[in-house]
1. Considering only the stretch 901-983, give the strands (runs of 3 or more DSSP E) lying wholly within it that have at least 2 residues that are crowded, with 17+ Cβ neighbours inside 10 Å.
2. Could you figure out which of (1) surrounded by 17 or more Cβ atoms within 10 Å (Cβ to Cβ); (2) assigned to a strand (DSSP E or B); (3) at pLDDT below 85 isn't true of residue 851?
3. Test residue 205 against the criterion of being within 31 Å of the chain's Cα centre (by Cα) and outside the structural domain of residue 1079 (by TED's automatic domain parsing), and give yes or no.
4. State which residue pairs qualify: first residue more than 13 Å from residue 300 (Cβ to Cβ) and inside the stretch 336-361, second residue part of a helix (DSSP H, G or I) and at pLDDT below 95 in any location, beta carbons under 6 Å apart, and separation of 6 or more residues or different chains.
5. For the stretch 1009-1033, give me each residue that is exposed (fewer than 13 other Cβ atoms within 10 Å of the Cβ) and in a strand (DSSP E or B).
6. Of the numbered conditions (1) modelled with pLDDT under 80; (2) buried (at least 18 other Cβ atoms within 10 Å of the Cβ), residue 820 fails exactly one; give the number of that condition.
7. Is it fair to say residue 334 is surrounded by fewer than 19 Cβ atoms within 10 Å (Cβ to Cβ) and under 21 Å from residue 401 (Cβ atoms)?
8. Kindly evaluate residue 346 against the criterion of being within 27 Å of residue 424 (Cα to Cα) and either crowded, with 24+ Cβ neighbours inside 10 Å or within 20 Å of the chain's Cα centre (by Cα) (or both).
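The values are calculated or read from the model by the stated rules, or taken from the named source; none is laboratory data. Keep in mind the model is a prediction, meaning the values are calculated, not measured. No Cβ is skipped: glycine too gets one built from the backbone with ideal geometry, and neighbour counts run over all protein chains shown.
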């Protein structure tokens, strides 16, 4: 590629070295594979190995199927095949089947099968340009097995003048194989099909999967405009109407064009990065569903060709897509560099995160080439003239990525490129759950498995066990009945290849009822004499009782007792005695009156007591023990009481004073959690059951036709509540109140929020709270040193950030779901007083016409820029501004509800028009004076044979034909470039012959025709051949020169071979010469 050769020569110039030319290489071909490890279930997935083989120049090849790169012999790609032995092979790609076996590979010109032989119809049949950076890529044909596209960039007339074609390879064709063992062949009817030529394209091409479907995008970019073109490829074919993403109105001009350098996509397919060797490098957002490229974010600003500048080429992302790695070879100095950028810094801030790792190269003229992430999580980097790849083995780690220079040895010498791959169905884009989410269901209910949207893949599905799945050949969500726990596996297949596998575990539990009774409503539930459960919704209003559920118990059992309410599932629990009252079954009932037998309780039969505390434990009294059963683990425990008679009727737990209230013959015995008797309350009632209500302040004893309400701490009777019993004769049976789990929550004004921003210097805010359960005290801490013990309004006097915390103190230790809660529960709100929001739009700046500036606003969390013209985004802090004239931008900076405004002036400076002397010819030993114009400062290079390099009129005295570059810089620092070629000829003397080594047939009137200089010939013959050995010109008259055409069409720039024979009239001497002639435009 001429641009890369020019940059390489520039590197050598700055180091004083003119030794080598670029040699050929290929790009690392990678795939995404995930091994299904034994014992893994819901998270285990596997990905097919389409990218397991890398085949590249100088006969290098690597295979990654084993998990580590292994050198493979036989690769047919060799540097001697390209550019007369000095070419840079960059347009190579390869494809494997789903198990990692090589299918074929290409250099953009020929297609080679797995036997490393050119396919019969694929030998020199593709019109790709071998030296385009990523000029070839192999992809699957959606909806078709065994057919593949080979997309190629075809060079029209020099660098950055590419158009897009495709060719189809059919792997069912015998090719160099047999009908039984085909090796594939190019479809002659689908060769070099034009896709896009509406714009000249840069040497950048990448394939990106569309969502999680078989469809994908071929993404290319314009060489002269700031545009991307996304070509959609689907089962309907290649859509020649692209999705156009116009980034800005910028028009690129040589030498600052976005041609050389790689285009890479994140493993997540949500962003792309563009490395440019001769202009700026950028990060973009990419929408893989629409094909749109947007949100250009500058990473490097390149001053090429004026040093110092960054010579970047290869780039790729870390596996998590958050870190960008880029290879660099600055022209000044001797070190190579690996650059890192952190995407996590956010749009507009990524450039500022640049981190540099310097590497001392083995060869002074080394340049980092392409770099690519492999399935093993390692990034591999090539550098020209090396025989080993550099590796980055821990690329997800910003601090220690583990960069290992030239650590993976190869069999051949490297050049610029690793291979261009399509990352098809890689792990980061695969849905987290294809088989479904692990779940626990109740016996007799149905499980939901599968993926709602996965059938858009257009793949095949195989479920195991197939006999238990209704539709075993698709992935769509379905429900199936389950009688036992099981594990289901789904394999996603494409053309027999396993794309991925996923599992889902369904666990069957003997579940209880699902719908609970209302919680936290102080409802009073009790047994009635007619074997029902009744409810009184509010004892203070003396309501009618309401029968809600019929007691359910085994046939032949005539009693039930121990009624309790569980706040964890809002269900009622009671006991049914068994085995002559030596044990009982604990029954769970929901609001639909559905019941489930939970557990058998030993030695509890016949005891009427029952209670559930806030640790999800069911209690009953079996003298002298308070026996508990954990309703999560069903483990039993007990404490021994003292001072409690044997005639216990019932008990309940009071969470306000952490005591058990045990009733026997109308007396209430208070026992602590260790079983010690605290006190005895004589209620005056001779019978009845007990229930704690109203947040622990009162207990209730049921009677025949009334309920006694007692102070829980003094024992005094507060009220005798008569109940109008219409169908029951008494209420002398077990009862229970609903309970609430403790919680506390701040309310600010009327809003339940976690943060509030106020745009004043001070504020008076009203703080209230809501709570459930029982708290002995609440306490406010306003984050300023002030506190309060009641809900109140508070004045924040100065701006700042305040963490306001509400503390709720529990009277004793609680637990929830088996885990003990702290004695204090809290809720927090952040109050932000920002009365002094200060917007900053950044410093005024300027740039040369056609460039851009990165704006940098600060002071808030949201931004709005005006006017919108020339901005990449008006709603971010750091948009890229590219106005065509000087423009003042205004930004509104906001923090929550607070805002401020600032402005910044972007000045646009005009470009100079560089003028240099016309191309000229001198004889050996003479000189020429150049005349530069258009600027105020001038820089010439190379410095070879110049009298000065920073003046307008240097004298040039080259000893061989030389092209000089002039950079003209005006007072604003803007620059333009011009070129002048001085052709050096030996003085033509009778009997002598001179053959130039360069000419430029560009119709500019200077050096447009290649002549052999000399006189006095009696015989003469000139023959010129191209790099494939074709004769492109022949003449027997030395005054008849070659104009750079072949078959009446201009040939591409390159190196050609000449042969000259001359016989002199004077003495009959015969002279034969042969060598190379370089054609430039």
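1. Working: elements: 920-923, 937-941, 962-969.
Result: 937-941, 962-969.
2. Here residue 851 clears every test but (2).
3. Working: within 31 Å of the chain's Cα centre (by Cα): yes; outside the structural domain of residue 1079 (by TED's automatic domain parsing): yes.
For residue 205, the condition - within 31 Å of the chain's Cα centre (by Cα) and outside the structural domain of residue 1079 (by TED's automatic domain parsing) - is met.
4. Listed pairs, sorted by first residue: 342/353; 345/353.
5. So in the stretch 1009-1033, the residues exposed (fewer than 13 other Cβ atoms within 10 Å of the Cβ) come out as 1009, 1018-1019, 1028-1031.
The answer is 1018, 1019, 1031.
6. Going through the list (1) modelled with pLDDT under 80; (2) buried (at least 18 other Cβ atoms within 10 Å of the Cβ), residue 820 breaks only (2).
7. Values: surrounded by fewer than 19 Cβ atoms within 10 Å (Cβ to Cβ): yes; under 21 Å from residue 401 (Cβ atoms): no.
No, not satisfied.
8. Values: within 27 Å of residue 424 (Cα to Cα): no; either crowded, with 24+ Cβ neighbours inside 10 Å or within 20 Å of the chain's Cα centre (by Cα) (or both): yes.
Here the answer is no, as residue 346 does not meet what is asked.
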